[in-house]
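Colleague: Questions regarding the structure given below will be posed in turn.
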Amino acid sequence: MATIAEWDGGSLPTIVGSTPAVVDGAMVFAEGSAANRASWTFGGVPQVTARWYMTLPASWASASWTFAELAGSPLTARTNLAGSGSPGQARLLNSAGTQIANSSGSTVALAGTYRIEVQADRTAGTLRLAVFPLLSDTALYDSGAVSTSTGSTDPTTLRIGRVSAGVTVADLTISRVKAVDS
């Protein structure tokens, strides 16, 4: 198992959009509707497990928006947070952009801090999304390994932040990012 992407303070990874403020070893992406995210590129690997901590915005967006994706060519997996219509719902989408799993509403709370884990296994053809409360190993939501389309190439990029554009999202904080090739 090798680390393929990591950030825990220091020099920022590649940033798309406005440079986030760095406060206490965390990237704070200011409110906005344009894409604004951190990005890590690595050699294509068939299995990726990524985890990070995220403090959610203080208000629900009006619509679902993407907060992370693993991308090859094309997309491998995407994770969304539902908007005000289903507040607190985490969603997992496959390479075709089809929602394949979701938590119940109110799984996560405004301004709460959570550990997010995403796994993609192109060999097995599975994706997984799990959301943990801070300082806990008991998931609030775990999709389990869902058999689905994982794209036609191995993931080469991890993007976290306001990945999608067009929906206004309040301040979002990301910290302690790590991805491994297993």
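Colleague: Write down the accessible area per residue of segment 33-174 in Å², having rolled a 1.4 Å probe over the full set of protein chains. Display every interim value, and only then the final one.
Modeller: Numbers: 5230 Å² over 142 residues.
Value for segment 33-174: 37 Å² per residue.
Colleague: Quick one: 3J(HN,Hα) in Hz for segment 139-146, Karplus 6.51/-1.76/1.60 with θ = phi - 60°, rounded, Gly and Pro as x.
Modeller: These are the phi-based 3J(HN,Hα) values: 5, 6, 8, 9, 5, x, 6, 9 Hz.
Colleague: Shifting gears a bit: Could you please report the charge total around Gly72, scoring K, R as +1 and D, E as -1 over all other residues with beta-carbon less than 11 angstrom from its beta-carbon? Please list the in-between numbers first.
Modeller: Values: positive: Arg122; negative: Glu69, Asp154.
Once all neighbours under 11 Å are counted, the net charge is -1.
Colleague: If you roll a 1.4 Å probe over the chain with all protein chains in place, what percent of the accessible area is carbon or sulfur?
Modeller: Carbon-and-sulfur percentage of accessible area, whole number: 47.
Colleague: Accessible area of Glu6, 1.4 Å probe, to the nearest 10 Å²?
Modeller: Near enough 110 Å² of accessible area.
Colleague: On to the next question. Once you've got the GNM for the chain with C-alpha springs shorter than 10 Å, pick whichever of Leu158, Leu140, Leu93 has the biggest mean-square fluctuation.
Modeller: Residue with maximal mean-square fluctuation among Leu158, Leu140, Leu93: Leu140.
Colleague: Follow-up. Quick one: ranking Thr168, Thr156 by accessible area, 1.4 Å probe, largest first, what do you get?
Modeller: Sorted descending by solvent-accessible area, the residues read Thr168, Thr156.
Colleague: Under 15 Å from a label point 7 Å along Cα→Cβ of Thr113: give me every residue in segment 53-70 with its amide N that close.
Modeller: In segment 53-70, the label zone of Thr113 (backbone N under 15 Å from the point 7 Å along Cα→Cβ) covers 53-58.
Colleague: Within the set of other residues whose C-beta is less than 13 Å from the C-beta of Asn36, count the net charge using Lys and Arg as +1 and Asp and Glu as -1.
Modeller: Values: positive: Arg37, Arg159, Arg162; negative: Glu31, Asp171.
Surrounding charge for Asn36 is +1.
Colleague: From the residues Gly44, Val180, Ser164, which one has its Cα farthest along the dipole of segment 38-182 in the positive direction, the dipole being from +1 and -1 charges on Cβ of Lys/Arg and Asp/Glu about the Cα centre?
Modeller: Checking the options against the dipole of segment 38-182, the answer is Ser164.
Colleague: Of (i) 12.2; (ii) 9.2; (iii) 11.3, which one was derived for mean projected area of the Cα convex hull in nm² from the structure shown?
Modeller: (ii)
Colleague: What spacing in nm lies between the two simple spin-label points modelled at Leu135 and Arg176, each 7 Å away from Cα in the Cβ direction?
Modeller: Here the answer is 1.1 nm between the modelled labels.
Colleague: Further question: Quick check: convex hull over the Cα atoms of segment 1-43, volume per residue in Å³, rounded to an integer?
Modeller: Measuring per residue, one finds 88 Å³ for the Cα hull of segment 1-43.
Colleague: If the only charges are +1 at each Lys and Arg Cβ and -1 at each Asp and Glu Cβ, what is the size of the charge dipole of segment 138-182 around the Cα centre, to the nearest 20 debye? Please report the intermediate quantities before stating the final value.
Modeller: Values: 4 positive and 4 negative charges, 32 e Å.
Dipole size: approximately 160 debye.
Colleague: Could you sort the peptides 129-135, 72-78 by per-residue average Cβ neighbour count (10 Å cutoff), highest mean leading?
Modeller: Descending mean neighbour count gives 72-78, 129-135.
Colleague: Any idea what the dipole of the chain comes to, in debye rounded to 20, about its Cα centre with Lys/Arg Cβ at +1 and Asp/Glu Cβ at -1? Before the final figure, lay out each step's value.
Modeller: On the way: 11 positive and 12 negative charges, 50 e Å.
I would put it at about 240 debye.
Colleague: Let me ask another. In whole Hz, what ³J(HN,Hα) sequence does segment 165-173 give by Karplus (6.51, -1.76, 1.60; θ = phi - 60°), x for Gly and Pro?
Modeller: Once rounded to whole Hz, the list reads 10, x, 10, 6, 10, 5, 3, 9, 10.
Colleague: Shifting gears a bit: Using a cut-off of 12 Å between beta-carbons, work out the net charge of the residues near Val177 (Lys and Arg +1, Asp and Glu -1, Val177 not included).
Modeller: Here the charged neighbours net out to +3.
The values are calculated or read from the model by the stated rules, or taken from the named source; none is laboratory data. Just so we're clear, the structure is a prediction, and the values are computed from it rather than from any experiment. When we count neighbours, we look across all protein chains shown, and the Cβ atoms used for this are built from the backbone with ideal geometry, even at glycine. For the accessible areas, the whole protein counts, side chains as well, though only heavy atoms, and no ligand, DNA or RNA atoms are used. Shrake-Rupley method; radii C 1.70, N 1.55, O 1.52, S 1.80 Å.
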